[in-house]
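What follows draws every value from the coordinates through simple rules; no lab data is involved. Keep in mind it's a predicted model, so treat the numbers as computed, not measured. Note: ideal-geometry Cβ built from the backbone for every residue, glycine included; neighbour counts use all protein chains shown.
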Amino acid sequence: MTTTAEPAAPSTREAARKALDAAREHLLGLQSPEGWWKGELQTNVTMDAEDLLLREFLGVRDEDETREAARWIRSQQREDGTWANFFGGPPDLSTTVEAYVALRLAGDPPDAGHMRRAAAYVRDAGGLPATRVFTRFWLALFGRWPWDALPVVPPEMIYLPSWFPLNVYDFGCWARQTIVPLTVVAALRPVRPLPFGIAELHGQAVPRRREGGWEEALHALDRALRVYQRRPLKAVRRAALRRAGEWIIARQEPDGSWGGIQPPWVYSLIALNLLGHDVDHPVMQRGLHGLERFTIRDGSGRRMEACQSPVWDTVLAMTALADAGLPPGHPALERAADWVLGEEVKGPGDWQVRRPGLPPGGWSFEFDNDYYPDVDDTAEVVLALGRVAHPGAGPAIERGLRWMAGMVSRDGGFAAFDADNTRELCRRLPFCDFGEVIDPPSADVTAHVVEALCAQGMGDSLLCKRAVEWLLKAQEQDGSWFGRWGANHVYGTGGVVPALVAAGVRPDRPEIRRAVAWLERHQRDDGGWGEDLRSYRDPAWIGRGASTASQTAWALLALLAAGERGPAVERGVGWLTERQRPDGTWDEEHFTGTGFPGYFYINYHLYRLVFPVSALGRYLREDAS
């Protein structure tokens, strides 16, 4: 049953109104002249370490850039000598190793205090043998790990048809774009030695017990591939390398990137260089110059963004400003709509492998990523454009809805980049230890699709009803929903509840009441909500963590959609109003975005602003009604 309460006290409403006004003005001030918004995507120092290693491998490393990158890497080291993958997180062995090697490259001596502490942790944690496969690939490039001790990734897999198990299209787009160039690197096995050794990082890793079944079979396959690797069919190997190179070049974006993300970008440049493209080749030059746009320089040094999110940030800002009361014809919304409409992906992409007859019509996350539009961005674009009075929005929304509908998976749910990208076998491959490698439907993406469909009057469609049924089945036993692309159950629940209510699920339904109860149980004593990223690996952290502005807003959006007006909402609003900065935004050091659950996380610097604006706007609107 919906909680009944007296309307918020005037002091609460007034504080919320003042906070919303300040936040709205701050957000408006961040809009670019072209109409877009973009906050920094902060990740971990492997981006910076691998950038230096890439430049060392290609022979283009600059001493000034190295010095500034090293300054940033040092600034992120903790007192115990380690580096983590997210703010406040546990030490991460592979991240620490890569940061350490980058600092050695920058000239930091191994007997310096901060380096001794890092090396001691690495040895105690098992040393280089215990690092992830990708870290050991980087070390092998420089002769600091034997190629024979790495899994075999044959370039011949480029020939596997799309229906055959473990073909490249069985992998999620981010993994696919990384694995194809990796096959080139692993086949050619280059070594360009570093001017120093890293014997101080060697330790004795505890051998991992293998499970039976598929894992043992895949390790047997790896052993067979090792035999082939020693004596491949030369003509077939040459043809496969050539085909892989063509595949890579065909997917380079206009800005020089691959998919607008760092991992495939660096490996593609290495692979193409090994295939004979020197650094002066136009493809290589575009790739190297494109990295500049992903480079941030400030008083802390030089750091790299793993990705950029202008489309995502812009449409979230548009929705937030509409929630804050901007009229549909406001100039800021019109400028944003102009820019978003120009970003529609109208050409072919890898998604057509699974959906060959589906016309294009989606949006991607980045400035340039025309091969990989995604369902999540497209759903949020449809929601945002639906709240703007723009003459060109209607046809684009229709194309977006058509493309989005065509990307439904067989079970009725929606994934981010592909349909039916669910082959679990990919996760078990020996080289796939760097995070999620497939793209199955998720609750957060499916919820955004449902909300977009309902906003366009398609709530009664079979497509929407199947998605709602998928969401109801995906609810966790505790009443929450898992968040694939945001941290974590607070994000999932914060997205699903508004979508279900929009689709006609009554707030008094048991599923909604269980979700509300879960949120209320996990509200912190200070009135906010927070969930530590360790919840992806340790269930004890589910719903637990330091309160953050973005996660508090997600919880409020769910509670408001469920019709809640009681103490939990008032305390959550109070948390936001009391902790707002004088400039109208909020501090948020904790990461609340997810790249690969359990491995790679993101601090979206605009999340701390756009979601509180939406939450406060909806709170005041509902309170007034």
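Observations
- Backbone N under 11 Å from the Arg521 label point (7 Å along Cα→Cβ), restricted to segment 443-477: 477
- Rounded, prolate or oblate (a/c below 1.5 giving rounded, otherwise prolate when a/b exceeds b/c) for segment 477-574 by Cα gyration tensor: oblate
- Remark: segment 136-147, residue by residue, has Karplus-estimated 3J(HN,Hα) of 6, 4, 4, 5, 5, 4, 10, x, 9, 7, x, 4 Hz, where x stands for each Gly or Pro and the curve is 6.51 cos²θ - 1.76 cosθ + 1.60 at θ = phi - 60°.
- Fewest-first sequence of His277, His289 by Cβ atoms within 10 Å of each Cβ: His289, His277
- Over 21 Å [Cα-Cα, segment 359-462], rounded percent: 37
- Dipole magnitude of segment 46-239 about its Cα centre (Cβ charges: Lys, Arg +1; Asp, Glu -1), debye to nearest 20: 860
- Each part gets one Cα centre, and for segment 534-557 versus segment 115-151 those centres are 33 Å apart.
- Alpha carbon centroid spacing (whole Å) that separates segment 351-417 from segment 558-625: 26
- Entry note, the chain: the mean residue ellipticity at 222 nm calculated from DSSP H runs of n ≥ 4, each adding -39500 (n - 2.57), is -15500 deg cm²/dmol after division by the residues and rounding to the nearest 500.
- Residue-by-residue Karplus 3J(HN,Hα) for segment 462-467, coefficients 6.51, -1.76, 1.60, Hz, glycine and proline x: 4, 4, 5, 5, 5, 5
- 0 to 90° range, to nearest 10: angle between helix 310-323 axis and the chain longest Cα axis: 10
- Spin-label model, Ala250 to Glu40: label points 7 Å out along the Cα-to-beta-carbon direction sit 3.9 nm apart.
- Amide H contacts for Asp374 (H built 1.01 Å from N in the peptide plane; partners 5 or more residues away or on another chain; cut-off under 5 Å): Trp363, Ser364, Phe365.
- Computed from Cα positions, the angle between helix 10-29 and the longest principal axis of the chain comes to roughly 40 degrees.
- Cα convex hull of segment 16-69 - mean projected area over all directions, nm²: 6.4
- Between Thr594 and Gly486, Ala487, Ile602, the built amide H atoms are under 5 Å apart, and every one of these is 5 or more places off in sequence or on another chain.
- Unit Cα scatterers, Debye sum, the chain: log10 I(q)/I(0) for q = 0.08, 0.11 Å⁻¹: -0.58, -1.11
- Highest average first, the peptides 105-114, 386-395, 485-494 ordered by how many other beta carbon atoms sit within 10 Å of their residues are 485-494, 386-395, 105-114.
- Distance histogram in 10 Å bins (all Cα pairs of segment 146-195, percent per bin): 24, 48, 22, 6, 1
- Computed from the Cβ-Cβ distance with R0 of 30 Å, the FRET efficiency linking Asp111 to Ile296 stands at 0.45.
- Kirkwood hydrodynamic radius over Cα pairs of segment 46-239, then Stokes diffusion coefficient at 25 °C and 0.890 mPa s, in µm²/s: 133
- For the chain, with +1 on Lys and Arg beta carbons and -1 on Asp and Glu, the positive-most of Pro129, Thr314, Trp481 along the dipole: Pro129
- Of the residues Pro440, Ser461, Val569, the one whose Cα sits farthest towards the positive end of the charge dipole of the chain is Pro440 (charges of +1 on Lys and Arg Cβ, -1 on Asp and Glu Cβ, taken about the Cα centre).
- Using alpha-carbon coordinates, inclination of helix 173-188 to the longest axis of the chain, degrees: 10
- Structural descriptor for segment 46-239: relative contact order 21 percent, calculated from alpha carbon pairs under 8 angstrom and at least 6 residues apart.
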